Every structure is written in C-alpha cells, then in structure tokens.
Amino acid sequence: MNDLSPGCPPEVQDRSHDDAKQQSGQPTLQRAYMDRARRAVEREHEKSPSRVVQHLVALVAAFALTFGILYVFDAFLTSMQKVMRMMDEQEERQKQEEADRKRREPIPAYVVPPSG
C-alpha cells in the first residue's frame, strides 16, 4: 500500500490536481489576453504607414493588364478579319473561274442559247 495521499480516493486527488493546474493556468491566460489587448491599443494609436506607392503600382499594373488584353483581342480580331477577307477573295476567284469555264465550254446542239 504505497498510497501517496492518505485518506483521499484517487479520483478526488486527480480532480483536485486538475483544478490546481487550471487555477494556476488562469493568471497566465489572463496575462496573455491583457498583453494582446495592450498591443492592440498601442497599434491603434500608431499612425499606419502610407501605402500610396503600392496603390499606384497596383493601378498601373491593372491598366497595363487591361490594355494588354485589349491589344491582344484587337490583334486577334484583325487577323481573323484578314483571314476572312482572303477566304472571301479566294471564293470569289473560284466563282469567277467557274463562270469563265462555263462560258468557254461548247454549247450542246440540243440546248437553246439563252436570250441576252
């Protein structure tokens, strides 16, 4: 019987030990909260540094990105218009060549020539 606390059951002893830890931990916790609150109050009274340069750089970057995207979109549309124009010209050439070929073909004897 190596009982460390004479007369107390082990459950009561454990609870009292936990209560003692919790009570000893409370001042430390309160002190931490007070320190945090003190630092927050000190920061409120400090003047924050001006961030004008950061805002200007961000604004310039935003404009550059916007105009860059617009330039790329304009270049894409311009190239698509050129391609479409080339395709239209090629189609027109093919139609013209087919019309010339049809005019040069001999007319069959049984076909009545168009009036015109």
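Read-outs throughout are calculated quantities, based only on the coordinates presented, and are distinct from any laboratory measurement. Keep in mind it's a predicted model, so treat the numbers as computed, not measured. Please note: Cβ atoms are built from the backbone with ideal geometry, for glycine as well, and neighbour counts cover all protein chains shown.
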Total formal charge among the other residues, if their Cβ is under 15 angstrom from that of residue 43, Lys/Arg +1 and Asp/Glu -1:
0
Placing one identical point scatterer on every Cα of the stretch 53-116 and ignoring solvent, what is log10 I(q)/I(0) from the Debye formula at q = 0.17, 0.24, 0.25 Å⁻¹?
-0.79, -0.98, -1.01
Could you check the spin-label model distance between residue 95 and residue 45? Points 7 Å from the Cα along Cα→Cβ, value in nm.
8.5
Most to least packed among 80-89, 43-52 [average Cβ atoms within 10 Å]
80-89, 43-52
If we count every other residue with Cβ under 13 angstrom of residue 98's Cβ, Lys/Arg +1 and Asp/Glu -1, where does the sum land?
+1
